[in-house]
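Quick notes on the structure that follows.
The values are calculated or read from the model by the stated rules, or taken from the named source; none is laboratory data. None of these values were measured; they are calculated from a predicted model. Cβ coordinates were reconstructed from backbone atoms using ideal geometry, including for glycine residues, and neighbour counts include every protein chain displayed.
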Amino acid sequence: MSIQVFGLPVSRGVAIGRAVLVASSRIDVAHYFIDAARVDAEIERLRMARDEVAAELSLLQRDLPSDAPAELSALLDVHLMLLHDEVLANATKHWVRERHYNAEWAVSAQLEVLARQFDEMEDDYLRERKADMEQVTERLLRALARGDGGSVSHPAAPRDFGGEDPLVLVASDIAPADMLQFRRSVFTGFVTDVGGKTSHTAIVARSMDIPAVVGAREASRLIRQDDWVVIDGDSGVVIVDPSPIVLEEYRFRQRQSELERARLDRLRHTPAVTLDGEAVDMLANIELPSDAAAAVDAGAVGVGLFRTEFLFMNRAPGDLPGEDEQYEAYREAVLGMKGLPVTIRTVDIGADKPIERMSVSELRHEHVLNPALGLRAIRWSLAEPAMFRQQLRAILRASAHGKVRMLIPMVAHLSEIRQTFESIARAKQQLTEAGKPFVDVEVGAMIEVPAAALMLKRFLHYFDFVSIGTNDLIQYTLAIDRADEHVSHLYDPWHPAVLRLVADSVAQANAMGKHVSVCGEMAGDVAFTELMLAMGLRSLSMHPAQIASVKQRVLRADTRRLAASLETVLNADDPMAAAQTAFRRADGAPPSTALGAATLQ
Ligand code: PEP
Ligand code: MG
C-alpha cells in the first residue's frame, strides 16, 4: 500500500529509487556497487571476515578469567550463534549476489532488516537481542575494514548504477561531515527524520544538488529496506511504494526539471547584468577545495564563502589539520578558481558542526545546552589561539597564489574584532620572520548575529567588507534553532525583523563604500532575488547549482523599479505577499521559494 510521509523540502527536484535504510552510526560505511565479476571475491571477503570474528569470539571465550560472570560466556555463545545464523550469513550474501552491494553495505543493509524485525517482536527478551545483533555486525564491519580489497574497489564514478535500480538513502539523521561522503556515493536523493531547512546537512544536500527532504519524523520507521520511494524535494513529500499512475506523474516531472536545468545551463557564461545595466557578482559557496571546479563550471565569478570547517571533520579524534595541510587545501581552491577571488572563512566549528563526528540527534542526546549559543565560530578560534594563528598563516600563505579574502564568522563583540586583528598581525609577523610570502588580504566580517547588524557602522571601521549570513541571522533574530525540525515552521526568512536587519546592513555598508554580499541560503533562493536587488545588493554567494536560476531572475530585473517598492515590502505585515505584488514581473510569475515555503505550510 502506498503511503506518504511529509517533511521539509530542502533540495529541489524529484528522486525515484529503492530505499536504502542506514542507521546514523553506519552512514560512514562505504556504499558502492561491485562488478558482476567481483561477486565471488566479495562473498569471499564476507566469509573471511566471519571466520575472523568467529575466531575472535572463541578466543575471548577461551580466555575468560575463571571469576568472570557466567552470563558473559553465555553472551559470547549467543554472538557466535548469531554470526552463523543464516538470517545474517545467507541474507547478506543475497545483497551481494543479487544487488551487487559491496560487503560492508550488504552487512549494514541486512542489519537494518533484522533490527526492524527485532523491534517488532512482542517478547522482551527477544527484542533485546537486537543489541547483540548490532554488536556482531559491528565486529564484522571492523573485520572487513581490517581485511584488504574493500574500499580499494570503491568506484571512482559517482552514481553509476551499472544497470541497477537507482537508490535513495533513508536515515534517522545524517551528520554534516557524513554528507560530504555522499558526493562519492550512489544515492540520488535522501530523506531524514530530523533536521531543519538550513541545518548544515540540508546545506550540503543543496550543494550536491540532489533532491532531499529532512525533518520527515517517522520516515526511517515507515520506510522499509528496498521499498520504492519518490522524494519530492520541491514540496517535501515522500511517497512510499507509489502506484503506477503516481510514479508516471513523477517521472514526467523529473524529465521536466531535467529539461529546465538544461535550458538554464545555457546561461552559465552570460554576464549577470540587470535590465538597467547593474552588474551583479554571482559567487559560489564551497565546502571543499575540489568544489572550485564546479564553481567555475557553473559560471561563478569567485568564491564568496569557503566553509573551511569541513577540512576539520571526518578525522581521528585530536587530529586537526596543521598549517601546511590547510595551506595546501586553500592553495588548491585558489588555483582551482583560475585567478578569480576566493573568500576563505576561518573555521565555524560548533553548533551542528562539531569536530567529532556527531549527528544532530546524537548532539541532542549529549545534552549540550544551546550549542548554537555556545563556543562556536570565532569564539572557538579565539579560545584556541595557536590553532587560530595556524589557520591565519595558512590562509595568508595561500594569498601568494591568487586573490584571497579572509572572512570571520559570527563576530558580535568589538573585543573579538580587536583580538582577531591582533592574531592576524601576529600571524603576519611569524610568516615574515619565517620568510614565507603572503599578500595583505582584505578581511571581512560575517553579519549573522543581530548585535553585529546593529553595530555595523562601528564594525566597518575595522573590516574591508561584510558578508551577511542569513542562515544564522534568522536563527539568532527569531531564536529558532535552525537544525530543529520541531520549530522549523517558525524559521521565517520573510519575518519583517530579519528583512529590516538585512536591508539596513546593506544600506549601511553601501553608504560607507564597503563591499557587501549575502552568502546565506536566501542568496540562492530565487524567491528573494528581486528583494535583494531592491535592497541594493550587487553580490550574492550560493551553491554553484543555484547560480543559473538566480541569474535568470537578475537578467529580467530592473533595480530602479524594484528599489522604489522596497519600503512598501519592508513595512508590510506580510512581506512575502507584499513582495509578490510589488515585484511581480512583467510575465506575471510570482516568487516561489524553497526556503520561504516554511511560511506557506
Ligand atoms: C550563514 O549563517 O548564513 C552562513 C552562510 O554560514 P553557515 O551556514 O555556514 O552557518
Ligand atoms: Mg553562519
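For residue 206, indicate whether it is more than 16 Å from ligand 1 (Cβ to nearest atom) and of a type outside the set (Val, Ile, Thr). Answer is no for this residue. Just give me the residues in region 393-417 being farther than 17 Å from residue 441 by Cα and more than 16 Å from ligand 1 (Cβ to nearest atom), in sequence order. Correct list: 413, 414, 415, 416. With respect to the conditions (1) part of a helix (DSSP H, G or I); (2) within 16 Å of ligand 1 (Cβ to nearest atom), residue 422 lacks only one, and its number is (2).
For region 380-387, indicate whether the set of residues that are within 16 Å of ligand 2 (Cβ to nearest atom), surrounded by 24 or more Cβ atoms within 10 Å (Cβ to Cβ) and modelled with pLDDT of 95 or more is non-empty. Reasoning before the result, please.
Taking region 380-387 as the starting set, the residues that turn out to be within 16 Å of ligand 2 (Cβ to nearest atom) are 380-381.
Still in the running and surrounded by 24 or more Cβ atoms within 10 Å (Cβ to Cβ): 381.
Those still in the list that are modelled with pLDDT of 95 or more too: 381.
So far as region 380-387 goes, yes, one or more of its residues are within 16 Å of ligand 2 (Cβ to nearest atom), surrounded by 24 or more Cβ atoms within 10 Å (Cβ to Cβ) and modelled with pLDDT of 95 or more.
Taking the criterion of being closer than 30 Å to residue 369 by Cα, within 16 Å of ligand 2 (Cβ to nearest atom) and either within 21 Å of the chain's Cα centre (by Cα) or in the same structural domain as residue 540 (by TED's automatic domain parsing) (or both), would at least one residue in region 286-298 satisfy it? Checked against the condition, which is being closer than 30 Å to residue 369 by Cα, within 16 Å of ligand 2 (Cβ to nearest atom) and either within 21 Å of the chain's Cα centre (by Cα) or in the same structural domain as residue 540 (by TED's automatic domain parsing) (or both), region 286-298 yields at least one hit.
Going through 259, 311 one at a time, which residue ends up being within 16 Å of ligand 1 (Cβ to nearest atom) and without any contact (Cβ under 8 Å) to a residue 40 or more places away in the chain? Checking each option against the conditions leaves just 311. Pairs meeting the criteria (first residue in region 120-145 and at pLDDT 80 or above, second residue surrounded by 17 or more Cβ atoms within 10 Å (Cβ to Cβ) and among the basic types (Lys, Arg), beta carbons under 7 Å, at least 6 apart or on different chains) are 140/50; 144/45. Against the definition (over 27 Å from residue 372 (Cβ atoms), more than 16 Å from ligand 1 (Cβ to nearest atom) and not hydrophobic (A, V, I, L, M, F, W, C)), how does residue 233 come out, yes or no? No; evaluated as a whole, the condition is false for this residue.
Please verify whether residue 224 is more than 16 Å from ligand 2 (Cβ to nearest atom), in a loop (DSSP other than H, G, I, E, B), under 30 Å from residue 563 (Cβ atoms) and not aromatic (Phe, Trp, Tyr), treating the condition exactly as stated.
Working: more than 16 Å from ligand 2 (Cβ to nearest atom): yes; in a loop (DSSP other than H, G, I, E, B): yes; under 30 Å from residue 563 (Cβ atoms): no; not aromatic (Phe, Trp, Tyr): yes.
Answer is no for this residue.
Quick check on region 316-347: of everything there that is modelled with pLDDT of 95 or more and acidic (Asp, Glu), which residue is farthest from ligand 1 (Cβ to nearest atom)? By that ranking, first place goes to 324. Across region 12-64, the qualifying residues are those that are in a loop (DSSP other than H, G, I, E, B) and not aliphatic (A, V, I, L, M), and the one among them that is farthest from residue 546 (Cα to Cα) is 63. At pLDDT 95 or above, part of a loop (DSSP other than H, G, I, E, B) and either within 16 Å of ligand 2 (Cβ to nearest atom) or touching a Lys or Arg at 6+ places or on another chain (Cβ under 9 Å) (or both): is that true of residue 436 in this structure? So residue 436 passes the test.
All conditions but one from (1) part of a helix (DSSP H, G or I); (2) closer than 18 Å to residue 169 by Cβ; (3) touching a residue at least 40 places away in the same chain (Cβ under 8 Å) apply to residue 75; the one that does not is (2). Of the residues in region 428-446, not one is surrounded by fewer than 23 Cβ atoms within 10 Å (Cβ to Cβ), within 30 Å of residue 573 (Cα to Cα) and not acidic (Asp, Glu). Checked against (1) in contact (Cβ under 8 Å) with a residue 24 or more places away in the chain; (2) surrounded by fewer than 20 Cβ atoms within 10 Å (Cβ to Cβ); (3) aliphatic (A, V, I, L, M); (4) closer than 22 Å to residue 103 by Cβ, residue 37 passes all but a single condition, namely (1). Checked against the criterion of being of a type in the set (D, E, K, R) and under 23 Å from the mean Cα position of the chain (by Cα), the candidates 324, 348, 276 yield just one match: 348. Taking first residues from region 435-456 that are assigned by TED's automatic domain parsing to the domain that holds residue 406 and acidic (Asp, Glu) and partners that are within 16 Å of ligand 1 (Cβ to nearest atom) and assigned to a helix (DSSP H, G or I), the Cβ contacts under 8 Å between residues at least 6 apart in sequence or on separate chains come to 448/470; 448/471; 448/472; 448/473; 448/476. Of the residues making up region 304-350, those that are more than 13 Å from ligand 2 (Cβ to nearest atom) and either of a type in the set (D, E, K, R) or not assigned by TED's automatic domain parsing to the domain that holds residue 421 (or both) are 315, 319, 323, 324, 325, 328, 331, 332, 338.
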